[in-house]
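J.: Starting off with a structure, shown below.
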Amino acid sequence: MDIVTLGRTGIKVNKNGFGALPIQRISRDEAVVLLKKAYASGITFYDTARFYTDSEEKIGYALSDVRDKIFIASKSMTEKVDEFWDHLHTSLDTLKTDYIDIFQFHNPSFCPKPGDGSGLYEAMLEAKEKGLIRYIGITNHRLAVAFEAVESGLYDTLQFPFSYLSTPKEIELVELCKANNVGFIAMKALSGGLITNSAAAYAFMAQYDNVLPIWGIQKDQELEEFISYIQNPPVQDEELTELIQKDKEVLGGDFCRACGYCLPCPVDIDIPTAARMSLLLRRAPAAMTLNDATKEKMKKVDDCIHCDHCKDHCPYDLDTPKLIADNWEDYKEYL
Ligand code: SF4
Ligand code: SF4
């Protein structure tokens, strides 16, 4: 079993955190079965967010009886102090708990600091003093904000996208976290569905002993996969190394991670789907990409008014309007 210590928090868990964003998409009863099974099988770290609709509520419903045996991380997207308190109290209520282990600023556009005028960091400190949260974390998709947060010494954990498709700069960020004793929580370890071999994804992560991946889990089959990695962690042997190398060559650096920060689109284009279609066509089951609903979604690319909202909000600096147009052309050809 691979154990991760989340930096200065001292939280020790096995390397399979439960990413609770996808449980929004299943019923409460299904979520309860999944979460109880996860806990019974040894998963003790659960990451959720105020923004994930009823995800917190489902965790509270399923796991409040074992609250002292698990770690809960949640987050708030607010940039206003009164809303921060609102969110925190709602999270505590819905999670049916008196405290949240790690409360994170959810992808803020800047790194909150004491005295910056926003009052956000001061609110976090007050929440910690009151015992409502145990540690202060931040999540982000922007490298500059992430580096600033780690270097500031103000944060106990950083949550950032990380996978074997990450760039050398992102690996540098992981190493900086280790040097600064900041826990690194890895989101998008399967890169928004582009990585289809979870054993390879895990094996890559296993090389970084300070990294805790939170796997987005919605189906029993996915849960089974990660449970099996608790007792039998995949290692990066020759076969997986070759697979990772091939994927890196195919995907290159300029691909859409499906983070959704470019949304909403004023003409309702499903940008994360459209921007990845060429890759999905060749990597995902045909039933997922060639159905009528997806065809309709792709047709909407023609409605683009080139407002550049998506391009201006993409943390990966993608030329999104061009990317979706190229993907649409490819899709038509493929059909
Ligand atoms: S540029 Fe096109 S795709 Fe992007 S937000 Fe504007 S309308 Fe939507
Ligand atoms: S285009 Fe950029 S912002 Fe939009 S989903 Fe893809 S990576 Fe995220």
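The values are calculated or read from the model by the stated rules, or taken from the named source; none is laboratory data. Here the structure is a predicted model, which is why all the values come from computation and not from measurement. Neighbour counts are summed over all protein chains in view; Cβ atoms, including those assigned to glycine, are modelled from backbone coordinates with ideal geometry.
J.: Condition first: free of Cβ contacts under 8 Å to residues at least 60 places away in the same chain, farther than 23 Å from residue 21 by Cα and assigned to a loop (DSSP other than H, G, I, E, B). Now tell me which residues in segment 147-179 satisfy that.
T.: 153, 154, listed by residue number.
J.: Of all the residues that make up segment 125-139, how many are within 17 Å of residue 108 (Cα to Cα) and in contact (Cβ under 8 Å) with a residue 40 or more places away in the chain?
T.: Summing the residues that are within 17 Å of residue 108 (Cα to Cα) and in contact (Cβ under 8 Å) with a residue 40 or more places away in the chain in segment 125-139 gives 2.
J.: While we're on this one: Among residues belonging to segment 172-199 that are among the β-branched types (Val, Ile, Thr) and at pLDDT 95 or above, point out the one that is surrounded by the fewest Cβ atoms within 10 Å (Cβ to Cβ). It would help to see each step written out before you state the result.
T.: Let us first name the residues in segment 172-199 that are among the β-branched types (Val, Ile, Thr), namely 174, 182, 185, 195-196.
Next cut, at pLDDT 95 or above only: 174, 182, 185.
Working: 174: 22, 182: 27, 185: 26.
So the residue we want is 174.
J.: I'd like the residue in segment 249-262 that is more than 7 Å from ligand 2 (Cβ to nearest atom) and either under 18 Å from residue 161 (Cα atoms) or not acidic (Asp, Glu) (or both) and, out of all such residues, is surrounded by the most Cβ atoms within 10 Å (Cβ to Cβ). Let's see the steps before the verdict.
T.: Step one: filter segment 249-262 for residues more than 7 Å from ligand 2 (Cβ to nearest atom), giving 249-255.
Next, only the ones that are either under 18 Å from residue 161 (Cα atoms) or not acidic (Asp, Glu) (or both) stay: 250-255.
Numbers: 250: 12, 251: 16, 252: 8, 253: 9, 254: 10, 255: 19.
Among residues in segment 249-262 that are more than 7 Å from ligand 2 (Cβ to nearest atom) and either under 18 Å from residue 161 (Cα atoms) or not acidic (Asp, Glu) (or both), the one surrounded by the most Cβ atoms within 10 Å (Cβ to Cβ) is 255.
J.: Is it fair to say residue 289 is surrounded by 19 or more Cβ atoms within 10 Å (Cβ to Cβ), within 9 Å of ligand 1 (Cβ to nearest atom) and of a type in the set (Ser, Thr, Tyr)?
T.: Details: surrounded by 19 or more Cβ atoms within 10 Å (Cβ to Cβ): yes; within 9 Å of ligand 1 (Cβ to nearest atom): no; of a type in the set (Ser, Thr, Tyr): yes.
Judged against the criteria, residue 289 is not a match.
J.: Right, something else. I'd like to verify a number: residues in segment 292-335 that are in contact with a Pro (Cβ under 8 Å, 6 or more places away or on another chain), hydrophobic (A, V, I, L, M, F, W, C) and near ligand 2 (Cβ under 10 Å from one of its atoms), how many? Steps first, answer last, please.
T.: Step one: filter segment 292-335 for residues in contact with a Pro (Cβ under 8 Å, 6 or more places away or on another chain), giving 304-311.
Now drop any that are not hydrophobic (A, V, I, L, M, F, W, C), which leaves 304-305, 307, 310.
Going one step further and asking which of them are near ligand 2 (Cβ under 10 Å from one of its atoms), we end up with 310.
Selection size over segment 292-335: 1.
J.: If we only count helices (runs of 4 or more DSSP H) wholly inside segment 200-278, which ones have 3 or more residues that are within 16 Å of ligand 1 (Cβ to nearest atom)? Full working, then the answer.
T.: Numbers: elements: 220-231, 238-251, 271-274.
Filter on segment 200-278 gives 271-274.
J.: Can you confirm whether residue 243 is within 12 Å of ligand 2 (Cβ to nearest atom) and either at pLDDT 90 or above or under 30 Å from residue 2 (Cβ atoms) (or both)? Give the derivation first.
T.: On the way: within 12 Å of ligand 2 (Cβ to nearest atom): no; either at pLDDT 90 or above or under 30 Å from residue 2 (Cβ atoms) (or both): yes.
Here the answer is no, as residue 243 does not meet what is asked.
J.: Follow-up. Which of the residues spanning segment 99-142 are within 16 Å of ligand 2 (Cβ to nearest atom) and under 24 Å from residue 60 (Cβ atoms)?
T.: 106, 107, 139
J.: Looking only at residues that are without any contact (Cβ under 8 Å) to a residue 12 or more places away in the chain and either assigned to a loop (DSSP other than H, G, I, E, B) or not basic (Lys, Arg) (or both) in segment 1-32, which one is farthest from residue 69 (Cα to Cα)?
T.: Pass one, segment 1-32, residues without any contact (Cβ under 8 Å) to a residue 12 or more places away in the chain: 10, 12, 27, 29-30.
The next check asks that each one be either assigned to a loop (DSSP other than H, G, I, E, B) or not basic (Lys, Arg) (or both); those that pass are 10, 27, 29-30.
Values: 10: 15, 27: 25, 29: 22, 30: 22 Å.
Here the answer is 27.
J.: Let me ask something else. Spot the failing condition for residue 144; the list is (1) among the hydrophobic types (A, V, I, L, M, F, W, C); (2) at pLDDT below 95; (3) surrounded by 17 or more Cβ atoms within 10 Å (Cβ to Cβ); (4) not in a loop (DSSP other than H, G, I, E, B), and only one is missed.
T.: For residue 144, the failing item is (3).
J.: I'm told residue 299 meets every condition in (1) assigned to a helix (DSSP H, G or I); (2) away from ligand 1 (no atom under 16 Å from the Cβ); (3) not assigned by TED's automatic domain parsing to the domain that holds residue 37 except one. Can you identify the failing condition by its number?
T.: (2)
J.: Suppose we filter segment 18-76 for residues that are of a type in the set (A, V, I, L, M, F, W, C), more than 14 Å from the chain's Cα centre (by Cα) and over 19 Å from residue 6 (Cα atoms); how many remain? So that I can check it myself, show each step before the final result.
T.: Our first condition is that a residue be of a type in the set (A, V, I, L, M, F, W, C); within segment 18-76, this holds for 18, 20-21, 23, 26, 31-35, 38, 40, 43, 45, 49, 51, 59, 62-63, 66, 70-73.
Pick out the ones that are also more than 14 Å from the chain's Cα centre (by Cα) and you get 26, 31-35, 38, 40, 43, 59, 62-63, 66, 70-72.
Checking the rest, the ones that are also over 19 Å from residue 6 (Cα atoms) come to 26, 31-35, 38, 40, 59, 62-63, 66.
Final tally of qualifying residues: 12.
J.: Across segment 302-320, what is the number of residues that are part of a helix (DSSP H, G or I), over 20 Å from the mean Cα position of the chain (by Cα) and near ligand 1 (Cβ under 6 Å from one of its atoms)? Explain how you work it out, then say what you get.
T.: In the first step, residues of segment 302-320 are kept if they are part of a helix (DSSP H, G or I); the result is 302-303, 309-313, 320.
Adding the requirement that they be over 20 Å from the mean Cα position of the chain (by Cα) leaves 302-303, 309, 311-312, 320.
Restricting the remaining residues to those that are near ligand 1 (Cβ under 6 Å from one of its atoms) gives 309, 320.
Total meeting the criteria: 2.
Residue-by-condition table, conditions (1) on the phi < 0 side of the Ramachandran plot; (2) outside the structural domain of residue 68 (by TED's automatic domain parsing); (3) assigned to a loop (DSSP other than H, G, I, E, B):
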| site | (1), (2), (3) |
| --- | --- |
| 88 | yes, no, no |
| 110 | yes, no, yes |
| 115 | no, no, yes |
| 125 | yes, no, no |
| 138 | yes, no, no |
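J.: Further, regarding this structure: Provide a single number: the residues in segment 267-289 that are more than 25 Å from the chain's Cα centre (by Cα) and either within 16 Å of ligand 2 (Cβ to nearest atom) or at pLDDT 90 or above (or both).
T.: Narrowing segment 267-289 to residues more than 25 Å from the chain's Cα centre (by Cα): 267, 286-287.
Now narrow it down to the ones that are either within 16 Å of ligand 2 (Cβ to nearest atom) or at pLDDT 90 or above (or both): 267.
So the answer is 1.
J.: Assess whether residue 63 counts as being closer than 22 Å to residue 216 by Cβ and either in contact with a Phe, Trp or Tyr (Cβ under 9 Å, 6 or more places away or on another chain) or outside the structural domain of residue 31 (by TED's automatic domain parsing) (or both). Give the steps one after another, and end with the answer.
T.: Numbers: closer than 22 Å to residue 216 by Cβ: yes; either in contact with a Phe, Trp or Tyr (Cβ under 9 Å, 6 or more places away or on another chain) or outside the structural domain of residue 31 (by TED's automatic domain parsing) (or both): yes.
Yes: the conditions hold for residue 63.
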